[in-house]
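Engineer: Input: one structure, supplied below.
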Amino acid sequence: MRPLLESMRVYQWTKNLVLFAGLVFTLKILDPSFTLPAIAGFFTFSLAVSGMYLLNDVLDVERDRLHPEKRRRPVASGSLPVPAATAAGVLLLAVGLGGSYLIGPRFGAMALAYVFLTLAYSLVLKRIVLLDVVSIALGFVVRAAAGVELLRDRAPGGPESIELSPWLLVCAFFLALFLAIGKRRHELMVLEADASRHRVALGSYTAKLLDQLVAVVTSATVLAYSVYTIAPETLAKFGGRPLYLTIPFVLYGIFRYLYLMYAEEKGGNPSEHLLRDRATLVNVLLWCAAVLAILTWPRP
């Protein structure tokens, strides 16, 4: 069971917390009729994602054996046989997708869309320079949209009563793109000459190019979130509440990740840093607390 749980990458489920963004920014987080299905949706979606992780490990078993860290993964190391990993992956995928459709058809469709995007990434997109990181970022957009579609499935007033903010998708896209580029840079630095053997697209990247992309996407991420918090439609939606007070937390989080990437030469696994880097974890918790406090505070 231990190799199976390791291959499921439960710590990566932190990425699926994006599903709750719609719940928070539609002010439905204190409504059990929305909160409980969202929690159930988080777990069904995560099971489907874990199924894809297992199947991806099966597809990448030979390339992972060239990576100094990934070769320790259960499938690459042989502690979890390929047939067992394949069977477990298919089972988790079926349970996750089936459970998602039971929660709501719109949510189930978005979970299926994410699976297809992940499959396209594993088979094709990860071999194409730039499209590899863009497809990862699109995965976070699908996650955020899935959270909103789950609310639409449960809305008493019909799907049209729940608005999908484009800013939510824009912020999710740029933040995920920032983390994906940072991960590519880390892989390029660690693998060096073996980079293209491990991942075809890595052979087309250079450290200078990735540094330029980091600079561009960092600025875009901060700008997108800042504009969202002060946009007239945001202020109108939240009754003039000062959501812009949370900008410093976002800025510090990005600065902290840049510090880990450049000063400590980390950045290969953003989900792991969220759980193990105390400063990052505290900052995320403070951001969550600040957002909830602002959005639930009586209107001015």
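Engineer: Every residue in segment 202-245 that is farther than 16 Å from His186 by Cβ, at pLDDT below 90 and among the polar types (S, T, N, Q), please.
Structural biologist: Of everything in segment 202-245, those that are farther than 16 Å from His186 by Cβ, at pLDDT below 90 and among the polar types (S, T, N, Q) turn out to be Ser204, Thr234.
Engineer: Being in contact (Cβ under 8 Å) with a residue 24 or more places away in the chain and either not assigned by TED's automatic domain parsing to the domain that holds Leu123 or not in a helix (DSSP H, G or I) (or both) is the filter here; which residues of segment 40-76 pass it?
Structural biologist: Asp60, Leu66, His67, Pro68, Glu69, Arg73 - these are the residues of segment 40-76 that are in contact (Cβ under 8 Å) with a residue 24 or more places away in the chain and either not assigned by TED's automatic domain parsing to the domain that holds Leu123 or not in a helix (DSSP H, G or I) (or both).
Engineer: Suppose we filter Leu150, Leu97, Leu123 for residues that are modelled with pLDDT under 95 and farther than 29 Å from Val190 by Cβ; which single one remains? Spell out how you get there, then give the answer.
Structural biologist: Numbers: Leu97 fails: modelled with pLDDT under 95; Leu123 fails: farther than 29 Å from Val190 by Cβ.
Testing whether each residue is modelled with pLDDT under 95 and farther than 29 Å from Val190 by Cβ leaves just Leu150.
Engineer: Out of the residues in segment 224-259 that are touching a Pro at 6+ places or on another chain (Cβ under 9 Å) and crowded, with 18+ Cβ neighbours inside 10 Å, state the one that is farthest from Val214 (Cα to Cα).
Structural biologist: Arg241
Engineer: Report, by residue number, each residue of segment 8-65 that is among the polar types (S, T, N, Q) and at pLDDT 90 or above.
Structural biologist: Answer for segment 8-65, where residues must be among the polar types (S, T, N, Q) and at pLDDT 90 or above: Asn16, Thr35, Thr44, Ser46, Ser50.
Listed here are the residues, each with its yes/no results for (1) surrounded by fewer than 21 Cβ atoms within 10 Å (Cβ to Cβ); (2) under 24 Å from Glu163 (Cα atoms); (3) of a type in the set (D, E, K, R).
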| site | (1), (2), (3) |
| --- | --- |
| Leu17 | yes, yes, no |
| Gly22 | no, yes, no |
| Leu27 | yes, yes, no |
| Leu59 | yes, no, no |
| Leu66 | yes, no, no |
| Gly96 | no, no, no |
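Engineer: From (1) out of contact with any His (no Cβ under 8 Å at 6 or more places or on another chain); (2) over 20 Å from Phe140 (Cβ atoms); (3) crowded, with 16+ Cβ neighbours inside 10 Å, pick out the condition that doesn't hold for Lys266.
Structural biologist: Condition not satisfied by Lys266: (1).
Engineer: Suppose we filter Leu92, Leu123, Leu97 for residues that are farther than 17 Å from Asn16 by Cα and touching a residue at least 40 places away in the same chain (Cβ under 8 Å); which single one remains?
Structural biologist: None of the others qualify; the one that does is Leu123.
Engineer: Suppose we filter Arg185, Arg199 for residues that are at pLDDT below 80 and among the basic types (Lys, Arg); which single one remains?
Structural biologist: Selected residue: Arg199, the only one of Arg185, Arg199 that is at pLDDT below 80 and among the basic types (Lys, Arg).
Engineer: Further question: Kindly indicate which of Thr229, Thr234, Thr246, Thr221 is in a helix (DSSP H, G or I), within 22 Å of Ala207 (Cα to Cα) and not hydrophobic (A, V, I, L, M, F, W, C).
Structural biologist: Thr221
Engineer: Still on this structure, please answer the following. Residues in segment 19-39 that are touching a residue at least 24 places away in the same chain (Cβ under 8 Å) and in a loop (DSSP other than H, G, I, E, B): how many?
Structural biologist: Qualifying residue count for the region: 5.
The values are calculated or read from the model by the stated rules, or taken from the named source; none is laboratory data. Nothing here was measured: the structure is a model prediction, and the numbers come from that model. A quick note on method: Cβ atoms are made from the backbone with ideal geometry, for glycine too, and the neighbour counts reach across all protein chains shown.
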